[in-house]
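Comments concern the structure below.
The values are calculated or read from the model by the stated rules, or taken from the named source; none is laboratory data. This one's a predicted model, so the numbers in the text were calculated from it and none came from an experiment. So basically every Cβ, Gly included, is an ideal-geometry build from the backbone, and we count neighbours across all protein chains shown.
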Amino acid sequence: MVDISLLTKASRALLCAATLAGAMLSSPASALDQVKVGLFPVSSALPFFVALDKGYFKEQDIEPVVTRMASSTLIIGAMLAGDLETAAVLVTTEGLNVNLRTPNPILYFSLNGQNEQNRQETFVARNGLDVASMKDLKGKATKIMAASGPANVAFARAVLKANGMEEGKDYTLTDLAVNLHAGAMQAGTFDAGFTLEPVGTILKKSGGAKEIEGGVIATYVLGRKDALAFAAGGAMTTKFTKERPDVAKRWAAAYRKALSDIASDPTTRDYLKNNTQVPPDLVREVGIPKFFMADQLSAESKRDFQAYVDFAVTQGVIKEKLDASKFVITLDK
């Protein structure tokens, strides 16, 4: 052991500096704030993949702790149980419906708008069926499939009704998991189907079925091709925003940066390659919605969102009328 009293003043200074440097090197680096996030790995989760893979969460001193789940329903259950704080993407009708009965409402800090130009849903027909438009389905398509879940089934029925078709009279509708759609259409099990991305693009490109029309919710339910159906978005629990407000704000800031990249750079779609089951050769073609942070919604978009929610109420998908704007939050401004 060194007797420091025997050292010169300069030597003592050098020894103290070396000791301090060693202590700094041996100390752990400042820990990042961990955030528990539920991930349904679909193309509409692109903002999360961009923010994660480009290091935007790390820039905000955040480490996402990811739990992959097979549906929005499972993610919502985990959020309400306190096991998750945020969701990379969450269906709005499901989130808003549970908000009617929970003291810890789910809030949407970003929203995904879909229509013909930003498609997530498409009507397809089996090969050999002589149809070229939605109106052609009447009298020719009697067996129709819809993506699973009450919202998808309700919207499929509404689109068919807008084109003069009645369930039970003109067609039967089967609720079918999306992962079974490609095989069912290729086998000719159904005459037509309401399917979601990336299956619509896969069927079209592979020749497994023909596309009839995309973005049908905006066109036939909201009444305008340029309307935006806000069917999903980035979400977090109210508890998270109240108990960890600074972390929630930084999480939203990382998302905002990712959304800016997506809007200006088509190559950001490449982040779907390693994060989803979208075939690598289709990531530049698969439909993605138009992404907005909460404060980026125009007055017309806000009306579209409320109209989408109101329709879901009339169909019993959301159990009571509600003001959708109460569950949209801006954090990082």
Checklist entry - Has the stretch 81-95 got any residue that is among the small types (G, A, S), part of a loop (DSSP other than H, G, I, E, B) and buried (at least 18 other Cβ atoms within 10 Å of the Cβ)? => result no
Checklist entry - Are any of the residues in the stretch 236-252 closer than 19 Å to R119 by Cβ, modelled with pLDDT of 95 or more and touching a strand residue (DSSP E or B) at 6+ places or on another chain (Cβ under 9 Å)? => result no
Checklist outcome for this item: In the set A294, A263, the lone residue that is modelled with pLDDT of 95 or more, assigned by TED's automatic domain parsing to the domain that holds M69 and under 17 Å from F109 (Cα atoms) is A294
Checklist entry - Would it be correct to say that V42 is of a type in the set (V, I, T), surrounded by 15 or more Cβ atoms within 10 Å (Cβ to Cβ) and under 12 Å from the mean Cα position of the chain (by Cα)? => result yes
Item to check | Condition check for R157: crowded, with 19+ Cβ neighbours inside 10 Å, closer than 21 Å to V317 by Cα and of a type in the set (D, E, K, R) | outcome: yes
Checklist entry - Do any residues in the stretch 286-300 that are over 12 Å from Q117 (Cα atoms) have Cβ atoms under 7 Å from those of residues that are among the basic types (K, R) and part of a helix (DSSP H, G or I), where the two are at least six apart or on different chains, and which pairs are they? => result M293/R256
Item to check | Residues that are over 28 Å from the mean Cα position of the chain (by Cα) and either over 17 Å from T142 (Cβ atoms) or in a loop (DSSP other than H, G, I, E, B) (or both), drawn from the stretch 169-189 | outcome: K169, D170, A187, G188, T189
Checklist entry - Where residues in the stretch 52-79 are under 18 Å from A232 (Cα atoms) and either touching a residue at least 40 places away in the same chain (Cβ under 8 Å) or of a type outside the set (A, V, I, L, M) (or both), which of them is surrounded by the most Cβ atoms within 10 Å (Cβ to Cβ)? => result M79
Next on the checklist: I'm told A227 meets every condition in (1) in contact with a Gly (Cβ under 9 Å, 6 or more places away or on another chain); (2) over 21 Å from S43 (Cβ atoms); (3) of a type outside the set (F, W, Y) except one. Can you identify the failing condition by its number?
Outcome noted: (2)
Checklist entry - (1) of a type in the set (G, A, S); (2) on the phi > 0 side of the Ramachandran plot; (3) without any contact (Cβ under 8 Å) to a residue 40 or more places away in the chain: which one isn't true of G82, the others all being true? => result (3)
Next on the checklist: So I202 ticks every box in (1) crowded, with 19+ Cβ neighbours inside 10 Å; (2) part of a strand (DSSP E or B) but one. Which box is left unticked?
Outcome noted: (2)
Item to check | Residue pairs meeting the criteria (Cβ under 6 Å; at least 6 apart or on separate chains; first closer than 18 Å to Q114 by Cβ, in the stretch 308-333; second surrounded by fewer than 16 Cβ atoms within 10 Å (Cβ to Cβ)) | outcome: A324/Q306
Checklist entry - Of all residues in the stretch 125-140, which are over 31 Å from the mean Cα position of the chain (by Cα) and of a type outside the set (V, I, T)? => result G128, L129, D130, D136, K138, G139, K140
